[in-house]
Amino acid sequence: MDVLDLARTQFAVTGSLHFLFVVLTLGLAPLVAIMHTRYALTGRPLHERRTRFWGQIYVINYALGIFTGLVMEFQFGLSWSGLSHYAGDVFGAPLAIETLGAFFLESTFLGLWIFGWHRLPKWLHVACIWLVTLTAYASALWIMAANSFLQNPVGAVERGGRLVLTDFGALLTNPALAMSLPHVIGAALWAGGFVMMGASAYHLFRRTADREFFTGSLRFGVIVASVGSLVTVGFGYAQFGMLGQYQPGKFSAEPLAGMGLGLMILIGQTLQLLLAFVLLPAVYWLPRWRWAQPLLMAMTPLPFLAAIFGWLAREVGRQPWLINKRLTVADAMSPGLTPGMVTASLIGFAGVLGLLAVVDYLLIARAVRRGPSSVALGAPGPADPAERAPALSL
Amino acid sequence: MDILWLGVLALLLIGYFALEGFDIGLGLLLPVLGRTSRDRDRIVAAMAPFVLANEVWLVAVAGVLFGAFPAAEGEALFGLYPLVVTLLLSWIVRDAGLWFRRRLDGSAWRAAWDWAIFAGSAGLALSWGMALAAIAGGLSGPAVGLPGLGAGLLVAAAFAFHGWTFASWRLPDGPTGSRRTGRALLVSACVAAAPAAAVAAATAPWLLERAAPAGTLGVLSVIILPFTPLMVGAQVWVWRAFGPRSAADRMPSFF
């Protein structure tokens, strides 16, 4: 592999990992916020346990979203300084707004939510998770706006060999953004709904003690996934009309992009048929259908697989351009980058992030298996077991 | 307008050192102050509610660099390639230690991730010292060298002092065996932020030459400035909610 292939591989590995984790972050955040609101409204312990159990899974998943996101942000300067040199005056704006106006707030409020159990006033604590959700979706908007600029560079003209921003509003009304943002958000809700459905099916199948807890969660997951699937598929096809204007022949020129598109549609359509004609109509009885539960568990990873295929289709189909028809990937690479530098950083990032991703998924699986009775997030009582013992003996 | 964004960039960088400095410092001191697992739990629990609100300042630094000083972003990050890579890997390892240490029972699991917190914090402090030395030297020499290592040790010492002061403030008579006032914490924050402030001042002319055009900076100002009260408010709220009177020891910590 030459240095360009290595740098592209580094971006693809970290980008795919990032997408796998943030798609679940986006999907679960509003669901946890809804559960927390129900708890605040009713005060029922069932809703508190649901908020803490699904919230803990959300939070464990969140860790890898941060780790991979850090590498993504700094990688532009490391390997692709040609991009900031040529288009930084335009492309940098949505990224700067994302970090300051969205992620800065998201991270701060997430800290307040995680560590604010039993400390913050009830409704302010609920407000934290809604602000986390809101800022996470604002992040998605700005990142997709930046990505859509690469697909279809609007709102900028070239002056003196560099792009200059002429119309910021055009970045937000970009045809490459209008239909793809709801497509991605739908896919995130779909993934979040499926994780909830699959984990609940596991507990119902094992006949654990929390029958009421997981009956409700399974139904909630199926309903959210059904809504997500409608949005995803609808806005997926809606992209084709506009795509013909700015990237005609996207999927015929690059076989890998065409394959990604085909497999994504295969997974998406099959699951949508299943959701619309079986799972959703039977949602009331589904928690009692023991034979169906292993199937529901097995289906859980499929939205994630479809998301990766969709990402391949969108990104590979733009080759050899980094900014469509303006800047090639080769020209965007940092001048002076050597194979030795990228090989070393690629091994470091892929090794550390790959290992931590496996650990993270194992920890999520363990948190699901142990169930709602042993959740660390928001656990009440003193930290020190020595202090807890006398309390228990009373 | 470019002066305004230079100020924002400098404030974010200095704020990162003043805030994240004590997290990194406590990570460095973890093997010293936390000889027993209970003490390590207390130290991590003391800094845990602040970490997410502190480390995000550096994410904001990189964002502002890209948005408002795009030509500097590519030059600086590429010029510091090996250091940026070690900085990111150290950051990730430190954060992984925090997020994962309590996710399984068993002392070996927790002790292993506590070492990850120490190693990551040490890597962060050394990478920062070397990076600041290389930036001060105009990115001309090799990124890794003996003067850089000296600067790394200096930054590590400043962070450790700040971390020790924070622990004495949040956990009076706790693992450090002493107590410090909020005023002392302010002083140690200034010590931790001094290297960043010096380098920010030295590089200001170089950065201004690389500012984005007025049109881009205008858009950034119009969109970001309305959010600043919320950003400041959220940061202040963290300190009000998790200050020393919040009985840091009474609740089990998530980290």
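The values are calculated or read from the model by the stated rules, or taken from the named source; none is laboratory data. Keep in mind the model is a prediction, meaning the values are calculated, not measured. All Cβ positions, glycine included, derive from the backbone under ideal geometry; neighbour counts span all protein chains shown. Accessible surface is based on the protein model in full, side chains and every heavy atom, while ligands, DNA and RNA are left aside. Shrake-Rupley method; radii C 1.70, N 1.55, O 1.52, S 1.80 Å.
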### Message
Looking at segment A:333-350, can you tell me whether even one residue there is farther than 27 Å from residue A:207 by Cβ, surrounded by fewer than 18 Cβ atoms within 10 Å (Cβ to Cβ), modelled with pLDDT under 95 and of a type outside the set (S, T, N, Q)?
### Response
yes
### Message
Being open to solvent by 10 Å² or more (accessible area, probe 1.4 Å) and either free of Cβ contacts under 8 Å to residues at least 40 places away in the same chain or at the interface with another protein chain (Cβ under 7 Å from one of its Cβ atoms) (or both) is the requirement here; does residue B:110 meet it?
### Response
no
### Message
Six or more apart or on different chains, Cβ atoms under 7 Å: show the pairs whose first residue is in segment A:154-167 and without any contact (Cβ under 8 Å) to a residue 12 or more places away in the chain and whose second is assigned to a loop (DSSP other than H, G, I, E, B).
### Response
A:157/A:166; A:166/A:155
### Query
What number goes with the only condition from (1) closer than 30 Å to residue A:159 by Cα; (2) within 14 Å of chain A (Cβ to nearest Cβ); (3) of a type outside the set (A, V, I, L, M, F, W, C) that residue B:233 does not pass?
(1)
### Task
Can you give me the ranges of the helices (runs of 4 or more DSSP H) entirely in segment A:207-275 with at least 1 residues that are modelled with pLDDT of 95 or more, of a type in the set (S, T, N, Q) and surrounded by 17 or more Cβ atoms within 10 Å (Cβ to Cβ)?
A:211-246, A:255-274
### Query
If a residue has to be more than 8 Å from chain B (Cβ to nearest Cβ) and open to solvent by 40 Å² or more (accessible area, probe 1.4 Å) to count, how many in segment A:352-379 make the cut?
9
### Task
Would you check if residue B:20 is closer than 19 Å to residue A:98 by Cα and not aliphatic (A, V, I, L, M)?
no
### Query
Which one of these does residue B:34 not meet: (1) within 8 Å of chain A (Cβ to nearest Cβ); (2) over 19 Å from residue A:65 (Cβ atoms)?
(1)
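Does residue A:155 satisfy the criteria of being under 23 Å from residue A:50 (Cα atoms) and open to solvent by less than 40 Å² (accessible area, probe 1.4 Å)?
Criteria not met by residue A:155.
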### Message
For segment A:101-155: of the residues being in contact with a Phe, Trp or Tyr (Cβ under 8 Å, 6 or more places away or on another chain) and small (Gly, Ala, Ser), which is nearest to residue B:237 (Cα to Cα)?
### Response
A:111
#### Entry: Members of segment B:158-191 that are part of a helix (DSSP H, G or I) and touching a Pro at 6+ places or on another chain (Cβ under 8 Å)
B:158, B:167, B:169, B:170
### Query
Filter segment B:64-88 for residues that are touching an Asp or Glu at 6+ places or on another chain (Cβ under 7 Å) and free of Cβ contacts under 8 Å to residues at least 60 places away in the same chain; which is most open to solvent (accessible area, probe 1.4 Å)?
B:65
### Task
Mind listing whichever residues of segment A:92-126 are among the aromatic types (Phe, Trp, Tyr) and in contact with a Gly (Cβ under 9 Å, 6 or more places away or on another chain)?
A:103, A:104, A:113, A:117
### Message
Only one of A:163, A:171 is in a helix (DSSP H, G or I), under 30 Å from residue A:85 (Cα atoms), within 14 Å of another protein chain (Cβ to nearest Cβ) and open to solvent by less than 10 Å² (accessible area, probe 1.4 Å). Can you tell me which?
### Response
A:171
